[in-house]
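For reference, the structure discussed in these notes is given below.
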Amino acid sequence: MRTHSLACAAAAALIATPALGQNGPPLSTLPETVVTATRIPTPIERIPAGVTVIDRATIEARGYRSLAEALAGVPGLGVVQSGGTGQTTSAFLRGTNSGHVLVLRDGMPLNDPSTPQGLFDFGNDLLSDVERIEVIRGPMSGLYGSGAIGGVVNLITRSGRGTGRPFTATGEIAGGSQSTAAASAAVAGETRGFDYALIGQGLSTQGFNIVPRRLATSIGERDGARIGTATAHLGARLGERFRVFGFARLRENKADLDQAGRDDPNYTARNRSGMWRAGIEGTVIPGWLDTTLAVGQSRDSRQFRDRPDQFPFSGSDDSRYLGTRTVYQWDSTLRLPDAGPVDAAAFTFGLQRIEDRVDVQVRFDGPFGPFNQDVDRGTRNDAGYLGAQFRLFRRLDLTTNLRHEAPRDFADTTTWRLGGVLALPEVALTVHAAYGTSFRAPTLFDLFGVGSFGFRGNPNLRPEKGRGGEAGVALDLGALGLPPGRLSATYFRTRITDLIDDDPAFTTRINVGRAEIEGVESAFDMTVAPWLALRAAHAWTVAQDADSGLQLLRRPRHQGSLAATLRADPRLSLTPEILVFGPAADAIYADSGAFLGRGTNPGGVVVNLTARWRATETVEFFALGRNITNSRYEPANSYVVPGAAVLVGLRAGL
């Protein structure tokens, strides 16, 4: 597997030349290759899946500060944030549950086993140490195993490889409304076979009141956050063909939270996350066989504190959740020579072991007495996979994956995926189709977790199982004599059985039924002129309970985005972005703060604007306007998007 080596080579681009010599990203909107979709670097137009890549230049041009912000415009990906940066954030990919999105860091799975469904919180991570974000939509368990029912998000870390210099540096500092301050710094380089990158970043804000003003239970209390992260990425050559590498990352978040439907000035969360990964990679047989051996671990420690307040049934809470995941990986790629009509043939294969452990301490004292419960449990899963891809007659790409899981606590599971892409250059079209199976094993929280109100997990749960397919077309606008660009549309359909959810009394987790999901994703990119690029995306999604026919919560039928990059001056660029959200089913709260039950949450529009001015080749000023129309849209009912805000800053490189 060449995920790590390719990511390191790509990541060097920013640190070597900090994207300050050009004002904004290249107006070409299609990246050259994608790693995550097949584990082999593959041109995006030859991948039989919905793919979105957000590279470093795009992150800076659009002013993205957090992972949640960067993903908000991805077609088919619904980001639901309970407030602003640092607040709890879920993502729904192609209408599947938020626990059906598998998150990777350089190919290593990160989802927290101590959360319900193994959720990844997208609201905690800043982006200064991220070089690329690759989003693959559709069932990917045949390649990555449990949790990849809706798809995969892979965060590729910045590195010092490819800089060609012993020392480079970039940094930025910014401040703005709501007493917001942000800073980051990175140093990197390579010399005599050794490469390094050291990155630090931080953000502090008083924030907004995330409870909407319409609620009588809103007291105007601001919900702030503080986030700090330190990242180190090191590597060294061993001879001509091998390289050892190491990666470590620490992050700490502190945030003010609120209860659904009301302000809670005493409710806070502290999230400490650490991860490391080390290994060796290289070429076993030049031109034929590459391999990687790696081991890594992630630890997520969450602490929630609350004290009694004036609302009924409130109590004191001091609960702690620690999830630890250790991953052992062996990944290899075997490339075959071209033979007649067959070229670009390769096999991927490997083994993986994941060891999860949770340590939970619940301490809740409410109106009906104290509740204390501890859980310390572990589990293990072994897996092996095999994949193949090749091209026929230089126009038909075929890809297949097969993966077998042998978990300690469940029956063995085998998943697969098969896809193809047909190029029709005569009519400037590519056509793709894919079908696959997927699953999500119950997490340790699902099985043995405890909650503040007497919740206990269910050790008798069965894995969730999914299957789904897609078919789509993409039109090369430049090949038709139009300005360079791409127009695409993809229809998808997914079926999930044995869904895991809370029981009606919220006392445990149960397998409750089935979900039927279908939709259409469409995207448009065009470089209209050297000074103007346009981008638009739309997703129509019908996600419903197959038994009742009810729409699944927090999944709008319609969601879209519109963005542009304008360069009226070689030094100045403007990047407006409009996010549009349709109505969605949700748990609804009346203006009085009373819980009304199931209902329809109104849609909304959020408008952002980023401006950049390059003062010199290495110094750039920027200004970020967020929610500039001061929208009061509630992504989750009773949680409003942050109000209008401005952040201005300076970015420099050496």
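The values are calculated or read from the model by the stated rules, or taken from the named source; none is laboratory data. It should be emphasised that the depicted structure is a prediction, and the values quoted were computed from it without experimental measurement. Note: ideal-geometry Cβ built from the backbone for every residue, glycine included; neighbour counts use all protein chains shown. The area values use the complete protein model at the heavy-atom level, side chains included, leaving out ligands, DNA and RNA. Shrake-Rupley method; radii C 1.70, N 1.55, O 1.52, S 1.80 Å.
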Worksheet item: When the accessible area of the stretch 424-464 is computed with all protein chains present and a 1.4 Å probe, what percentage of it is carbon and sulfur?
Response: 66
Discussion item. What distance in nm separates the two pseudo spin-label positions at A339 and V619, each 7 Å out from Cα along the beta-carbon direction?
Written reply: 6.1
Fill in: Cα-projected label distance for A644 with E240, points at 7 Å along beta-carbon direction, nm
6.4
Response to the item:
Classified through the alpha carbon gyration tensor (a ≥ b ≥ c as square roots of its eigenvalues; rounded if a/c is under 1.5, else prolate when a/b is larger than b/c, else oblate), the stretch 489-611 comes out prolate
Discussion item. Explain nothing, just compute: Karplus ³J(HN,Hα) = 6.51 cos²θ - 1.76 cosθ + 1.60, θ = phi - 60°, for every residue of the stretch 247-253 in order, whole Hz, x for Gly and Pro.
Written reply: 9, 9, 8, 10, 9, 10, 10
Discussion item. Counting heavy atoms of the protein chains only and a 1.4 Å probe, report the per residue accessible area for the chain as a whole number of Å².
Written reply: 39
Fill in: Given charges at Cβ of Lys, Arg, Asp, Glu: the chain dipole, positive-most of S204, G599, P166
P166
Response to the item:
For the stretch 190-321, the accessible surface attributable to carbon and sulfur atoms (probe 1.4 angstrom, ligands and nucleic acids excluded) amounts in percent to 56
Response to the item:
FRET efficiency for R272 and L550 from the Cβ-Cβ distance with R0 = 35 Å, rounded to 0.05, comes out at 0.40
Item to complete: Please work out how much length the chain gains when fully extended from R307 to V295, using 0.36 nm per residue of separation minus the C-alpha to C-alpha distance, in nm with one decimal.
Response: 0.2 nm
Worksheet entry | Signed unit charges on C-beta, dipole axis of the stretch 79-160, positive-most listed residue V130, G150, V80 | G150
Fill in: Computed [θ] at 222 nm, helices only, for the chain once each DSSP H run of length n ≥ 4 contributes -39500 (n - 2.57)
-1500 deg cm²/dmol
Worksheet item: Under a Cβ-Cβ cut-off of 11 Å, what is the net charge of the residues other than Q87 that fall near it, where Lys and Arg count +1 and Asp and Glu count -1?
Response: -4
Practice prompt. Would you mind pulling out the separation of the Cα centroids of the stretch 586-646 and the stretch 354-413, in Å?
Written response: 33
Discussion item. Which of the three applies to the stretch 37-96, rounded, prolate or oblate, going by the alpha-carbon gyration tensor with a ≥ b ≥ c and a/c under 1.5 meaning rounded?
Written reply: oblate
Fill in: Correct option for Cα extents along the principal axes in Å [calculated from the coordinates] among [x] 79, 63, 46; [y] 74, 59, 50; [z] 83, 56, 50
[y]
Item to complete: Quantify, in whole percent, the carbon and sulfur part of the accessible surface of the stretch 518-616 (1.4 Å probe; protein heavy atoms only).
Response: 68
Fill in: 10 Å Cβ shell holding at most 16 others, DSSP loop, trypsin sites (Lys or Arg not before Pro): longest site-free stretch of the chain
1-191
Worksheet item: Given a cut-off of under 8 Å on Cα pairs at least six residues apart, what relative contact order in percent is computed for the stretch 481-637?
Response: 15
Worksheet item: To the nearest 20 debye, what charge dipole does the stretch 568-654 have about its Cα centre, counting +1 at the Cβ of each Lys and Arg and -1 at the Cβ of each Asp and Glu?
Response: 140
Worksheet entry | Overall form of the stretch 295-443 per C-alpha gyration tensor (a/c, 1.5; a/b vs b/c) | prolate
Practice prompt. Mind checking the full-extension length gain between A433 and N511? Use 0.36 nm per residue of separation minus the Cα-Cα distance, one decimal, nm.
Written response: 25.0 nm
Worksheet item: Separation of the stretch 153-175 and the stretch 464-539 by C-alpha centroid, Å?
Response: 31
Worksheet entry | Fully extended contour minus Cα-Cα distance, from F167 to F194, at 0.36 nm per residue | 8.6 nm
Worksheet item: Using Cα pairs under 8 angstrom and six or more residues apart, how large is the relative contact order of the chain, in percent?
Response: 14
Item to complete: Return the whole-Å distance between the Cα centroid of the stretch 86-118 and the Cα centroid of the stretch 278-348.
Response: 12
Discussion item. If the only charges are +1 at each Lys and Arg Cβ and -1 at each Asp and Glu Cβ, what is the size of the charge dipole of the chain around the Cα centre, to the nearest 20 debye?
Written reply: 840
Worksheet item: Taking the Cα-to-Cβ direction at A216 and at A185 and moving 7 Å from each Cα, how far apart do the two end points lie in nm?
Response: 5.3
